[in-house]
Amino acid sequence: MNRVLIGKVSKKGQVVIPIQIRKALGLNKGSKVSFELNNGEITIKKLPTALDWANLVKQIPVEDVKIDENGYFDPKKSPDFHD
């Protein structure tokens, strides 16, 4: 989407985000966004939800690594583990 879309500011200062942008960013009622002002330009970003974070954490691989009493692991048993 590389075209200019127009929003509108209400008397209360609320901004209507065009539907094309809401759909592209997955914004729904209650979604939170951040506004960044930089040299007279505003960047709007969707803030991640708790569900977004939970889904991200699910993608992190888990490896069961056995550590001995001296704090060492066997690299042959855990070849992908890096200390």
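Rg over Rh for the chain works out to 1.29, using Cα positions for both radii and the Kirkwood form for Rh. Extending 7 Å from Cα along the Cβ direction at Lys11 and again at Leu47 yields two label points whose distance is 2.8 nm. Inter-label distance, Arg22 to Ala54: 2.4 nm, where each label sits 7 Å from its Cα along the C-beta direction. Only helices enter this figure: runs of n ≥ 4 DSSP H residues, each worth -39500 (n - 2.57), summed and divided by the residues of the chain, yield -5000 deg cm²/dmol at 222 nm to the nearest 500. Here the contact order of the chain, divided by its residue count and restricted to Cα pairs under 8 Å and six or more residues apart, works out to 13 percent. Of the solvent-accessible surface of the chain, computed with a 1.4 Å probe and all protein chains present, 55% belongs to carbon and sulfur.
The values are calculated or read from the model by the stated rules, or taken from the named source; none is laboratory data. The structure displayed is predicted, hence computed values, not measured ones. Cβ sites come from the backbone with ideal geometry, for glycine too, and all protein chains shown count toward neighbours. Calculation scope for accessible area: heavy atoms of the full protein, side chains included, ligands and nucleic acids excluded. Shrake-Rupley method; radii C 1.70, N 1.55, O 1.52, S 1.80 Å.
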